[in-house]
Amino acid sequence: MSYPIDALIYALDVNPEINTDGRVLFLRAQEHPALQHFEGRLVCQQTWKPRANLLQAAGHRVEREVNGLFNLVLVLPDPQRDLMVADLARGHDHLAPEGILMAAVHNDAGAKRCEQYLREVSGHIDSLSKHHSRVFWATKEDGKPWKADILERWRQGAAMRRILEGRFWSRPGLFNWDRIDEGSALLAQHLPATIAGNVADFGCGWGFLSDHLLRHCHDIDSLDIYDADADCFECARRNLGLVPTRVKAQPHWQDITTGFERTKFDAVIMNPPFHEGKEADPLIGLKFIAAAAQSLRPGGQLWLVANRQLPYENLLAETFAQTEKVIETGGFKVLHAQNPIVQPTYSRRGKRRR
């Protein structure tokens, strides 16, 4: 399978003049063996924990937020339009004078559209096609500034903002960023006020379920919130900071599917994802359940919501002493399990290991 990063590396190979000796920034970075060419001068920006882990394992410097100017900025723009153009604006903002911004997008993810955006704001681009993708680049030339009004509009399009009549903060790119997910709303309706002790929200997003816990479960001693997307935490921090409670949520940038090494929690709540990109992958939810079993103390309880067709009940029955389906309605089901007895993990191939 071909990927935009392969096209990006190809463009660098056939245009050696772009491979300067200066500092290099890679926005929405992905691991590739050819990145070793930039050893000692590459900074990778990545807010998605699984990809950040791969980059770090390869020895690259990884940052969630980046400061400073770079001679070369590489970017793999997000397919969503607001994020796509915001990525181009971020790339521009980190360019040193005479620096080059190079982007790569898969043809099926809006490559021609993104290429036109960069041409529109910079005035001139070079481009090539490879690996079912388009690569295009522009230079930040002295005396030829990029269009400031367009850049500012692009920055604002991806900025954090108030949603739902000002009640919450969120930002484009997060799961259901501008509305309450139907499944999460159903789970909130059935969470008992008796949830207490040390509690965790797995896959917290911008914080809707955690907000509900802090407002309705007054015997919670601590709340740990976990997500693989670091972009969610500032929104969650603002949202949960508005709740009148003594409990301060502790954020953790973590890939839940890698599991936990120790037991800690009295209760875990979650609305686990079941897509990897556009492809449905029920294994993700199974890994979330396995991680919950690992993280719960004896007697601890798990509350989760899922699409009704997802096959979670068998694993719950294997890993918890008591399980029940609380409700099934409108395409969703709320499941409750208590007292973990087995703590399986799952390989990437989906085979169960004990």
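Since every read-out is calculated from the coordinates, none of them should be taken as a lab result. Quantities reported herein were computed from a predicted structural model and do not represent experimental measurements. For neighbour counting, all protein chains shown are included, and Cβ atoms are generated from backbone atoms with ideal geometry for every residue, glycine included.
Brief remarks on what is shown
- Simple point charges give the picture: +1 on the Cβ of Lys and Arg, -1 on the Cβ of Asp and Glu, and for region 1-156 a dipole about the Cα centre of about 360 debye.
- Ranking of Leu83, Leu209, Leu164 by count of other Cβ atoms within 10 Å, fewest first: Leu164, Leu83, Leu209
- The chain - percent relative contact order, Cα under 8 Å, separation 6 or more: 11
- Difference of contour (0.36 nm per residue) and Cα-Cα distance, Trp253 to Arg113: 47.2 nm
- Convex hull (Cα only) mean projected area of region 4-157, reported in nm² to one decimal: 8.3
- Here the Karplus curve 6.51 cos²θ - 1.76 cosθ + 1.60, taken at θ = phi - 60°, turns the phi angles of region 222-229 into couplings of 8, 9, 10, 10, 10, 7, 7, 9 Hz, with x standing for Gly and Pro.
- Length added when fully stretched, Glu261-Leu242, from 0.36 nm per residue minus Cα-Cα: 3.6 nm
- Residue among His60, Thr47, Ser295 farthest towards the positive dipole end of the chain, charges placed on Cβ: Ser295
- In this simple spin-label approximation, Asp178 and Glu234 carry label points 7 Å from Cα along the Cα→Cβ vector, and these lie 1.9 nm apart.
- Percent of C-alpha pairs per 10 Å bin in region 86-216, short distances first: 10, 30, 22, 18, 14, 6, 0.
- Cβ-Cβ FRET estimate between Ala321 and His190, R0 fixed at 22 Å, reported to 0.05: 0.60
- Build a GNM of the chain with springs between Cα atoms under 10 Å apart, and of Ala103, Ala321, Ala337 the one that fluctuates most is Ala321.
- The longest stretch of the chain left intact once loop-based GluC sites (Glu not before Pro) with at most 13 other Cβ atoms within 10 Å are removed from consideration, loops following DSSP, is 66-164.
- For the set Lys49/Lys147; Lys49/Lys144; Lys130/Lys287; Lys112/Lys140, the pairs lying more than 30 angstrom apart at their alpha carbons are Lys49/Lys147; Lys49/Lys144; Lys130/Lys287.
- Selection of trypsin sites (Lys or Arg not before Pro), region 227-311, meeting DSSP coil and at most 16 other Cβ within 10 Å: Arg246, Lys248, Arg262, Lys264, Lys278, Arg308
- Charged side chains reduced to their Cβ positions (Lys and Arg at +1, Asp and Glu at -1) give the chain a dipole of some 500 debye around its Cα centre.
- Among Val73, Val247, the ranking by other beta carbons within 10 Å of each residue's beta carbon, starting with the fewest, stands as Val247, Val73.
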